[in-house]
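One structure is given below, encoded as structure tokens.
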Amino acid sequence: MAVWVVGKKIGDLGGYGEVYIAHQKEGDSLSKEAYAVKKLVKLNRLSIERFQREVRLCSHLNHKRIIRILAFHIQEEPYFYVMPRYQSSMNKLLPEIKRDIRRIKVVINRILDGVEYLHQQGIYHRDLKPANILLNKEDDLVISDFGLGMQAGSVTRSLTLSHAGLGTRFFAAPEQLKDAKHVDQRCDIYSLGCMIYLCFSRNVMDRHFDFRNVPPALTYVIRKSTALNKDARYADIQSLRQAFNWAIHSLVHS
């Protein structure tokens, strides 16, 4: 069984968990490669069950745009899992790529790759936001933090109460904030629209979009993705990707 030696704390997950640098013990020495350990610190029944669900859900996924869980301990304290260490999140990248059409195209399409795979597996992330996109560089990124992830039609729904809202304001779809149990892939479409918007604007006021710095072609894509009525949004990732790339193409070649 692998032994992990935990170092300094590098992240705080709002009282729910903490993230540490770690190295794997190899005999009497430590691995040169650094990893990240996510440890659960909020030890109530619901938090433990959500953490266990996150690990079980994510450990069955296999895609280069989805975070890999390398090891875990979830049956008793300490509850933790080990994952590759990434240098930063999309939050740090956003100021660098602001309104840079070509770089934005790369980042968003990489994210769409991962979300499309999730939806093909019947999984809704329900917490897509820049903080949950980890990266080393813009073409080397993964989707992380599946604490609110839900497998359609499975027992994972039972951890979400009917008529209970979950998610991060601004990024969470209106129907998810009202009833997170009965959502579909369009809740993630909404979050992706918000993330595309933030590639052009810094305004994250609740439900208010300022499109003065957003090209008209992409304004349409964002508005449709973030429609309050989910039936007015893109139905799936393929439709969103097609519209997004068409808009980007029109800007690059205009």
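The values are calculated or read from the model by the stated rules, or taken from the named source; none is laboratory data. Since we're looking at a predicted model, the values are computed, not measured. When we count neighbours, we look across all protein chains shown, and the Cβ atoms used for this are built from the backbone with ideal geometry, even at glycine.
Just name the residue that is farthest from the chain's Cα centre (by Cα) out of those in the range 211-230 that are assigned to a helix (DSSP H, G or I) and surrounded by 20 or more Cβ atoms within 10 Å (Cβ to Cβ).
Residues of the range 211-230 assigned to a helix (DSSP H, G or I): 211-213, 216-225, 230.
Imposing the further condition that a residue be surrounded by 20 or more Cβ atoms within 10 Å (Cβ to Cβ) reduces the set to 218, 221-222, 225.
On the way: Leu218: 21, Val221: 20, Ile222: 18, Ser225: 17 Å.
Among residues in the range 211-230 that are assigned to a helix (DSSP H, G or I) and surrounded by 20 or more Cβ atoms within 10 Å (Cβ to Cβ), the one farthest from the chain's Cα centre (by Cα) is Leu218.
Can you tell me which of Leu57, Leu94, Leu30 is surrounded by 17 or more Cβ atoms within 10 Å (Cβ to Cβ) and not assigned by TED's automatic domain parsing to the domain that holds Ser191? I'd like the intermediate steps shown before the answer.
Details: Leu94 fails: not assigned by TED's automatic domain parsing to the domain that holds Ser191; Leu30 fails: surrounded by 17 or more Cβ atoms within 10 Å (Cβ to Cβ).
Leu57 is the lone residue from the list that is surrounded by 17 or more Cβ atoms within 10 Å (Cβ to Cβ) and not assigned by TED's automatic domain parsing to the domain that holds Ser191.
Based on what the data block shows, is Thr168 assigned by TED's automatic domain parsing to the domain that holds Glu96, at pLDDT below 85 and surrounded by 15 or more Cβ atoms within 10 Å (Cβ to Cβ)? It would help to see each step written out before you state the result.
Details: assigned by TED's automatic domain parsing to the domain that holds Glu96: yes; at pLDDT below 85: no; surrounded by 15 or more Cβ atoms within 10 Å (Cβ to Cβ): yes.
So Thr168 fails the test.
Can you find a residue in the range 70-85 that is outside the structural domain of Gly149 (by TED's automatic domain parsing), in contact with a strand residue (DSSP E or B) (Cβ under 9 Å, 6 or more places away or on another chain) and surrounded by fewer than 15 Cβ atoms within 10 Å (Cβ to Cβ)?
yes
With respect to Val214, is the statement that it is under 20 Å from Leu148 (Cα atoms) and of a type outside the set (Gly, Ala, Ser) true?
Details: under 20 Å from Leu148 (Cα atoms): no; of a type outside the set (Gly, Ala, Ser): yes.
So Val214 fails the test.
Take the range 231-248 and flag every residue that is surrounded by 20 or more Cβ atoms within 10 Å (Cβ to Cβ) and either in contact (Cβ under 8 Å) with a residue 60 or more places away in the chain or in a helix (DSSP H, G or I) (or both).
Matches in the range 231-248: Ile237, Leu240, Phe244, Ala247, Ile248.
Report the residue count in the range 49-69 for those that are aliphatic (A, V, I, L, M) and at pLDDT below 95.
Kept after step one, since they are aliphatic (A, V, I, L, M), are these residues of the range 49-69: 55, 57, 61, 66-67, 69.
Subsequent filtering for residues that are at pLDDT below 95 retains 57.
The total comes to 1.
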